[in-house]
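Here the structure is laid out as structure tokens; the discussion comes afterwards.
Taken together, the values in this text are just the output of simple stated rules run on the coordinates, not laboratory data. All of these numbers come straight from a predicted model, not from anything done at the bench. Cβ: placed from backbone, ideal geometry, glycine included. Neighbour counts: every protein chain shown.
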Amino acid sequence: MPHTVTRIDLSDYGFVAVVAAAASFVITPIVRRWAVSVGAVVQPNPRRHVHKWPTPTLGGVAMFYALLVSILASLTRPGLRPVLQATSEMWGVLLGAAVIFGVGAIDDLREISPPAKTAGQVLSGVLLSMFGVTILYLRLWPTDHFVALGRSSGDLALLVTVLWVVLMSNAINLVDGLDGLAAGIVAIASASIFAFVYLFSGEGIISPTSTGPLVVAMTFGISIGFLPHNFHPARMFMGDSGAMLLGFLMAAATIAIGGQSPDLFPGKTFFFFGPMIIPIVILGIPLADTAYAVVRRLAGRRSFTSADKEHLHHRLLKMGHGHRRSVLILYAWTALLSLIVLVPAYTGKGNFMAFGLVAAAALGLYTIFFPGKSDSRDQTASF
């Protein structure tokens, strides 16, 4: 009799996502009052920021506490206990998250040098790899071949893992330039990645004790719970502590899901979507913004760490889109990119690509030719 693999239990992961969202939503106002009391407030600065009133930061504190609460909550679900106890991976996620959150929190309170922040990101990646969450396989896209980064290539596996953590942490941090932008994009991306995991969990390809789906569910909940406090006009910023934490969690989840299998979806999906290609497509907006920032600063012979107002969201503002509309446009792009890889995976057909191209063209035309006036609420203070 063939062995049947059961798909992951949506009720378990849904429960964790709801707990994470509730904790993030409830804890954020408490942290907001504390941030004001300690002076963790971002003052308006036309050269670096787009907000027009003093706004508390350090929202990452609420996110980190929500992560702790959701981990504890997952222990109450018998179906999730093996995920937490079968391996040491969750310890790597927790310790790495603590390091990168701590570095970001220090930067929110008192700005630290870019090398110091990078060192914190590297350390968090090293901890993640040490506890088993490491990239073991790299697909040579678009071919069917892959490179195994196993024990014989331990140093290379560690290097690639750390680079992925640094890239994702900075990508989410850079896109955190408008109220609600980073939290919304991460929420859409994490929901999309979980949809992939759920679809293929019944194929026996993803280990039933993988921490990836659980981390994705937590990340989704944390982002959704924080978003009402962060959407324009924001009552609180997530700061580097929150943005880098979300980036780290997305890196950890995608590594656990896609970096530990030579072919996540053998013969199951439309054309060449390899394990690490999926999050790259879904997170196309922050990753493209990061790549553009690197090219822009290289061309201008400026430091990679120099701040500017030339990111994608800044350009939408300059085109005439208001704060909220700019955020919603980037949400729409993220959702569209997610559908471009989700729909073929669920249908097994590639005919959605034609619709996706038409939708992308329509969204592009709307973005370019229909800039709206700034929302009057852009001028409303919330502090």
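Near Pro82, within a Cβ-to-Cβ distance under 14 Å, what is the net charge of the other residues, with Lys and Arg +1 and Asp and Glu -1?
That sum, taken over residues with Cβ under 14 Å, equals -1.
Sorted by packing (mean other beta-carbon atoms within 10 Å per residue), highest first, where do 332-342, 162-172, 358-368 land?
Descending packing order for the listed peptides: 162-172, 332-342, 358-368.
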